[in-house]
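The values are calculated or read from the model by the stated rules, or taken from the named source; none is laboratory data. Here the structure is a predicted model, which means the values were calculated and not measured. For neighbour counting, all protein chains shown are included, and Cβ atoms are generated from backbone atoms with ideal geometry for every residue, glycine included. Side chains included, ligands, DNA and RNA excluded: accessible areas come from the protein's heavy atoms. Shrake-Rupley method; radii C 1.70, N 1.55, O 1.52, S 1.80 Å.
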Amino acid sequence: MFLRLKCTCLTFAPFIWAASAVGVGFGAVSSEALALSEKETGELIALVDGRQRNTGDYGSTVFIDQKEKDGTSKAFEARVYRRDSDDKWMLLFTKPKSEAGKGYLRLEKNLFLYEPSLGKWERQTERASIAGTNSRRDDFDESRLADEYSAKFVADEALGKFKVHRVKLSVKPGIEVGSPLLELWIDQSSKNILKRQESALSGKLLRTIYYPAWEKMFSKSKKAEVYVPKEIRVFDEVEKGNATTVVLRDVKLDPLDPNIFTKAWLESQSR
């Protein structure tokens, strides 16, 4: 039986819901003494990337729960696979039965969707939603912020009880991303992202994302610790009232079968 996902109240969850519901802002506490230089800001974003990247493979089970403003909802279970060393990524749906075998595959910077009922592959853009939810490919993939964006320090602020660095990012020329403009609120202590906002080039806000909790794991291939989100909460800023909760479980950093990152392997999962 396919179990309905239940939201978990973690870490700073109370201010997430309060802020999203009433649009509460968070006051800046910046000063010249606290401001990060351009070099320090770039180093901070590179550090955020490095802490999330694994030099080897990655696998996890994800539960995606979509809530619509009209009160309807839908839920999915899927497996996510990554090979950070050569930029490969896959998401394979396992539940509900009607979606099992459907999947997304990223190869050579191209994102493809496989529909087993049609036996057909279709190229997707980086802005494409995952199965009609508010989630996208980059919510599940490795962090490439320093490679894809230029960063600028905005302010040191308080986000709930957390002291954070607020940083604005603009996409670099010639790179395809889901959103060209980002703002990040990065915990000054842990260096983990707590809040992320994504906007169009016009400045129109598209999505607000919260990361209530992170898990620290040791990577044998990297010979260092890596950090993975335990839960992601995505709020649609265009269609107000739509929201997606993603819960990650059973995260593994062990080597994967190299054949996984092929169209043939994904197609075989629905036979």
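Things to note:
- Region 224-252, subset at pLDDT 95 or above and of a type in the set (G, A, S), residue most open to solvent (accessible area, probe 1.4 Å): G241
- Within region 64-91, the set of residues being assigned to a strand (DSSP E or B), closer than 20 Å to L266 by Cβ and open to solvent by 20 Å² or more (accessible area, probe 1.4 Å) comprises E77, R79, Y81, R83, K88.
- Cβ separations smaller than 6 Å between residues 6+ apart or across chains give the following pairs from region 117-130 residues that are under 17 Å from E176 (Cα atoms) to residues that are part of a loop (DSSP other than H, G, I, E, B): E126/E176; E126/V177; E126/G178; R127/G178.
- Candidate set from region 70-83 (those that are under 15 Å from the mean Cα position of the chain (by Cα) and of a type outside the set (A, V, I, L, M, F, W, C)); member that is nearest to V246 (Cα to Cα): R79
- Qualifying residue in region 198-221 (condition: open to solvent by 50 Å² or more (accessible area, probe 1.4 Å), modelled with pLDDT of 95 or more and closer than 25 Å to S37 by Cα): yes
- Residue in region 101-138 that is surrounded by the fewest Cβ atoms within 10 Å (Cβ to Cβ), counting only those that are charged (D, E, K, R) and in a loop (DSSP other than H, G, I, E, B): E108
- Being at negative phi and touching a residue at least 40 places away in the same chain (Cβ under 8 Å) is a description that applies to S221.
- Residue tally, condition in contact with a Pro (Cβ under 6 Å, 6 or more places away or on another chain) and among the charged types (D, E, K, R), over region 208-236: 1
- Exactly one residue out of S268, S179, S190 is among the small types (G, A, S) and in contact with a Lys or Arg (Cβ under 8 Å, 6 or more places away or on another chain), and it is S179.
- D141 fulfils the conditions (1) modelled with pLDDT under 95; (2) crowded, with 18+ Cβ neighbours inside 10 Å; (3) more than 16 Å from the chain's Cα centre (by Cα) except for a single criterion, (3).
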